[in-house]
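One structure is given here, and the rest of the page talks about it.
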Amino acid sequence: MSRGTGGRPSIHRIYVVAGGFSLLLMGLMARLFDLQILHYAQLAGLAERQHQRTVELRGKRGTIFDRRMRELALSIDRESVYANPAEFSERPESVALVARALGLDESGVREKLRGDRQFVWLKRKAARRKRPPSAAWA
């Protein structure tokens, strides 16, 4: 530090530095109070929704045969379609394209994509589409 009169550090600089650190500490304390006291319920709910959820996993069922080994019942795989509303573009043409591809109503898709959730099912157990002939891809 620079020395003022009498060989001592400038008391004015010490007060400025101490005041700056005090302001930073008070700002940090105010932000901690805001997060931990004022917004506790909102943030706790958000954390619970993101980290704790129950997912039902169904095992693949086997084929059921009669006594002559003919199939009586079998499992059919179905796919489900989901979206993250925070990452999905809500442009009308995007919503219309997704709704048309899934055979859903545009307003229903738009309604599912609104809100603060990070995961929504657009369609469960969707039927698989037949792939067009490979000549159509060329």
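Worth a mention:
- Meets criteria (at pLDDT 85 or above and loosely packed, with under 11 Cβ neighbours inside 10 Å) for Thr63: yes
- The test for being among the basic types (Lys, Arg) and closer than 30 Å to Ala127 by Cβ holds for Arg110.
- Arg100, sole failed condition from (1) surrounded by 11 or more Cβ atoms within 10 Å (Cβ to Cβ); (2) under 20 Å from the mean Cα position of the chain (by Cα): (2)
- Test: residue in region 56-79 that is under 31 Å from the mean Cα position of the chain (by Cα), part of a strand (DSSP E or B) and under 28 Å from Gln118 (Cα atoms): yes
- Evaluating Arg13 against the criteria (1) of a type in the set (D, E, K, R); (2) in a loop (DSSP other than H, G, I, E, B); (3) in contact with a Ser or Thr (Cβ under 9 Å, 6 or more places away or on another chain) leaves one unmet condition, (2).
- Among the residues of region 2-11, some residue qualifies, meaning at least one is among the polar types (S, T, N, Q), surrounded by 11 or more Cβ atoms within 10 Å (Cβ to Cβ) and over 29 Å from Lys112 (Cα atoms).
- Number of positions in region 103-125 that are over 21 Å from the mean Cα position of the chain (by Cα) and under 26 Å from Gln50 (Cβ atoms): 1
The values are calculated or read from the model by the stated rules, or taken from the named source; none is laboratory data. Keep in mind it's a predicted model, so treat the numbers as computed, not measured. A quick note on method: Cβ atoms are made from the backbone with ideal geometry, for glycine too, and the neighbour counts reach across all protein chains shown.
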